[in-house]
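The values are calculated or read from the model by the stated rules, or taken from the named source; none is laboratory data. Computed from a prediction, not measured in an experiment: that's the story for all the values here. All Cβ positions, glycine included, derive from the backbone under ideal geometry; neighbour counts span all protein chains shown.
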Amino acid sequence: MFSQRRITNLSGKFSAHRRRTLAVCGLCAALLISCGRARNPVVETVTTDGVRAQATPAATPVIYAAQLPPRDEDIEAAGDSIAEASVYLQKRQSAPALRALSQARKATHHALNTRERKDDQRKGLLSALAELESVERIIQHGALSDAHRQLIKLDQTLDQLIY
């Protein structure tokens, strides 16, 4: 089988391999221990300039009272309904848009009949009513994008009536 000489050579090779393996394991352990130590935290000291540390004097506040026109709830309600119809038209929903336009027409009639208005406001509301009826016809014919564009113009017209 094996000769005595050959067995000694094999055992010498195994012992050298064991020594190298132990040496590599020892180095790894030493590296892990040295890296695992907690290091002292770094302490930083910051100094500030004495001149810059003083607070700058606060500026005096400016009081501004905006001069807005009086709020007209009826025209705003009509504008809100028109905006609602515009959103429905963007979503391609004609039935809810027609309901919102009906509410806008009622609010516009209410705005015309509740109090006296300047002549230009009255003419603007009457033209808004006519425009609402034409938009309804356009929606019934299925031209939703055209109706949407007209509603945006109508909403801007109503905003100009308020201001």
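Things worth noting here:
- Where a residue in region 119-141 is touching a residue at least 60 places away in the same chain (Cβ under 8 Å) and surrounded by 12 or more Cβ atoms within 10 Å (Cβ to Cβ) and its partner, wherever it lies, is outside any helix (DSSP H, G or I) and of a type outside the set (S, T, N, Q), with Cβ under 9 Å and at least six apart: none
- The single condition from (1) surrounded by 12 or more Cβ atoms within 10 Å (Cβ to Cβ); (2) of a type in the set (D, E, K, R); (3) assigned to a helix (DSSP H, G or I); (4) at pLDDT below 90 that residue 84 fails is (4).
- When region 151-163 is filtered for residues that are surrounded by 19 or more Cβ atoms within 10 Å (Cβ to Cβ) and under 29 Å from the mean Cα position of the chain (by Cα), the ones remaining, listed by number, are 151, 154, 155, 158.
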